[in-house]
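Worksheet for the structure shown next.
The values are calculated or read from the model by the stated rules, or taken from the named source; none is laboratory data. These numbers come from a predicted model, not from an experiment. Cβ placement follows ideal geometry from the backbone for every residue including glycine, while neighbour counts extend to all protein chains displayed. What goes into the accessible areas is simple: the full protein's heavy atoms, side chains included, and nothing from ligands, DNA or RNA. Shrake-Rupley method; radii C 1.70, N 1.55, O 1.52, S 1.80 Å.
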Amino acid sequence: MSSDEPAGPFTTDEAVHALLLLMPRIVGKAKRMPVPAELREFALGPRHLSLLSFVLLDGPLTINQLARRLEVAPTTVSLLVSELSRKDVLDRHEDPADRRRKIVSIAEAYRAVIADWLAPGADSWREVLEPLEPQLRRVVVEVLRAYERTVEQRTSPDGRRA
């Protein structure tokens, strides 16, 4: 809490001011996380990072499982997985239970590099969310989702006010 921040509950305007200061700092810190040298040539975007994070944290997953987690169509995930598989970052294997399905995992050659790179972000979220009651954790996530939706509705593709 900064020295000019009020003690106790925020008014809506006080919360808006605090978040207008905080959000660019959070985004800036995330953008400054250096991409490991071993991955720089791959031009990874935000969806790649989310996909890699889920596979890292949850273990091998199917395309449909990844699509549900990423909240995108399976075809989108399939394209991302194909791209990262061609670069040998991900491995695809037949699901022994259903040979039509593919199981996606991080290639052993990149597992430690990706873990060292992405784990601090997940660990930080875990540290700040763990002490909260489960319902409050849901509120935190839902507020961030609602903010994302609202910003999207209020801005045009060129970033101007809609």
task = Examine the stretch 77-85 for a residue that is open to solvent by 70 Å² or more (accessible area, probe 1.4 Å) and of a type outside the set (A, V, I, L, M, F, W, C), and state whether such a residue exists.
result = no
task = Output the number of the condition that LYS102 fails; it satisfies all remaining conditions of (1) open to solvent by less than 80 Å² (accessible area, probe 1.4 Å); (2) over 22 Å from TRP117 (Cβ atoms); (3) in contact (Cβ under 8 Å) with a residue 24 or more places away in the chain.
result = (1)
ask   = Is at least one residue of the stretch 92-101 closer than 22 Å to MET33 by Cβ and out of contact with any Cys (no Cβ under 8 Å at 6 or more places or on another chain)?
value = no
ask   = Within the group LEU19, LEU44, LEU56, which residue is open to solvent by 30 Å² or more (accessible area, probe 1.4 Å) and over 17 Å from the mean Cα position of the chain (by Cα)?
value = LEU19
remark   = Residue hits (the stretch 148-162; hydroxyl-bearing (Ser, Thr, Tyr) and either assigned to a loop (DSSP other than H, G, I, E, B) or open to solvent by 90 Å² or more (accessible area, probe 1.4 Å) (or both)) are SER156
request  = Any residue in the stretch 134-148 that's under 17 Å from THR12 (Cα atoms): show its pairings with residues that are outside any helix (DSSP H, G or I) at Cβ separation under 9 Å, as long as the two are six or more apart or on different chains.
outcome  = VAL139/LEU132; VAL140/LEU132
message = Quick check on the stretch 107-123. Is at least one of its residues open to solvent by less than 100 Å² (accessible area, probe 1.4 Å), within 16 Å of the chain's Cα centre (by Cα) and either over 20 Å from HIS48 (Cβ atoms) or of a type in the set (D, E, K, R) (or both)?
response = yes
key: the stretch 124-142 - residue that is modelled with pLDDT of 95 or more and open to solvent by 90 Å² or more (accessible area, probe 1.4 Å) and, of those, nearest to LEU70 (Cα to Cα)   = ARG138
message = Name the single residue that is modelled with the highest pLDDT among those in the stretch 1-59 being of a type in the set (Ser, Thr, Tyr) and in a loop (DSSP other than H, G, I, E, B).
response = THR11
request  = Select from the stretch 60-75 the residues that are in a helix (DSSP H, G or I), under 17 Å from the mean Cα position of the chain (by Cα) and exposed (fewer than 15 other Cβ atoms within 10 Å of the Cβ) and list them in ascending order.
outcome  = ARG68
